[in-house]
Amino acid sequence: MREVRELGADVHLIDTAMSGFDGIVAAYAILGDRPCLVETGTATSAPVVREALGRLGVGAEDLATIVVTHIHLDHAGGVGDLAAAFPKAQIVVQDTGARHLADPSKLMASARRVFGPVMDELFGELLPTDAARIQAIGDVGSVDLGGGRQLRAYHTPGHARHHLGLVDSATGDLYVGDAAGLYIPDEGADARTGLGPGGDMGEMMPGTPPPDFDLDLAVASLHRMRDLGAQRLLFSHYGPISRVDDSLARAEEEMRVWVEAVRDARRDGAGRGAEFDLDHAVAMVRDRVKDRYAGLAARPEEAAKFEGLSSAAANVSGIARWLEARGE
Ligand SMILES: [Zn+2]
């Protein structure tokens, strides 16, 4: 049975077990008068999430809201399946992503182009949701959790155009989606704070995939999130971290280091008169950043799981695309 972890104040982390892996893609349930699911995981994870919600006592008629931080398939791929399984739930998404949940054909076609034949195994098929059940949020919005509790939503583009950060008014928990990259807790980290013994943070990696990654927007979003005064961050990949300012500052640093490394790799190629070579750039960037993740290098299986979810090649190509568009 997959992990369902109590995080306090009626919040529960659900391991969606993407591709059968533990501890890489989380969804969260906020219970109360109006139970809310934050993130669905992939379509292939929908049965896992449904079972977990059942264990938490959320019946088919009970779920009030499904919110996704953005529409990438590891976060929103299960929306169609779960909307069908929980017929009273309203679906909340950033405005730019809303039409793709109602009609996923374009999103699925572009995902098939990117991922090819492993697509079905990785993500499965995002099914359409009745447009009448979708609530689109522009710059700010809110989700009623019942009992005066709210989830306040803020547009936080950079990783993706259609990205929202969400703050729980009762706890100060901030659901960061992928706006701050990935958080990989150390082995034996505290279940609710995400910190190791002695208060140490785990590893952080950037999430800068094509086609949307934009450093300026991403940094502005990190600053917007920092100014919300959150008490804890809840990462979709993976779990809680209570050192809010340190993590957001580290996320910015990670992005800047990677962008600088890709910029240098592009200049190196241009200096030799060569076309931009992704494999060469990935090798250069990997070499440049490897010392930053020494802790993870000692845990090769863990590193491989996260590499499968958010690869160095995807991050480098997202950054290269952004630099290219700026003529850098
Ligand atoms: Zn993600």
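Over 19 Å from Glu125 (Cβ atoms) and charged (D, E, K, R), is that true of Glu39? Steps first, answer last, please.
Details: over 19 Å from Glu125 (Cβ atoms): no; charged (D, E, K, R): yes.
For Glu39, the condition - over 19 Å from Glu125 (Cβ atoms) and charged (D, E, K, R) - is not met.
Tell me, yes or no, whether segment 25-34 has at least one residue that is more than 19 Å from Phe86 (Cα to Cα) and open to solvent by 10 Å² or more (accessible area, probe 1.4 Å). Scanning segment 25-34, I find no residue that is more than 19 Å from Phe86 (Cα to Cα) and open to solvent by 10 Å² or more (accessible area, probe 1.4 Å), so the answer is no. Screening the candidates Gly207, Gly177, Gly181, Gly172 for the property of being outside the structural domain of Ala303 (by TED's automatic domain parsing) and farther than 28 Å from Leu278 by Cα yields one hit, Gly172. Open to solvent by less than 20 Å² (accessible area, probe 1.4 Å) and at negative phi: does that describe Leu174? Yes, satisfied. Selection of segment 173-215 for residues being touching a Phe, Trp or Tyr at 6+ places or on another chain (Cβ under 7 Å), hydrophobic (A, V, I, L, M, F, W, C) and more than 16 Å from the ligand (Cβ to nearest atom) yields only Leu215.
Among the residues of segment 207-249, the ones that are more than 26 Å from Ser169 (Cβ to Cβ) and among the basic types (Lys, Arg) come to 0 in all.
Taking the criterion of being surrounded by fewer than 17 Cβ atoms within 10 Å (Cβ to Cβ), out of contact with any Gly (no Cβ under 6 Å at 6 or more places or on another chain) and in a strand (DSSP E or B), the residues of segment 132-146 that qualify are Gln135, Val140, Ser142, Asp144.
I'd like the residue in segment 260-304 that is outside any helix (DSSP H, G or I) and more than 23 Å from the chain's Cα centre (by Cα) and, out of all such residues, is nearest to Asp200 (Cα to Cα).
By that ranking, first place goes to Ala298.
Does Gly124 satisfy the criteria of being in the same structural domain as Ala220 (by TED's automatic domain parsing) and in contact with a Ser or Thr (Cβ under 7 Å, 6 or more places away or on another chain)? Yes.
The values are calculated or read from the model by the stated rules, or taken from the named source; none is laboratory data. The model shown is predicted, which means the values in this text are computed figures rather than measured ones. Reconstructed Cβ throughout: ideal geometry from the backbone, glycine too, with neighbour counts over all protein chains shown. For the accessible areas, the whole protein counts, side chains as well, though only heavy atoms, and no ligand, DNA or RNA atoms are used. Shrake-Rupley method; radii C 1.70, N 1.55, O 1.52, S 1.80 Å.
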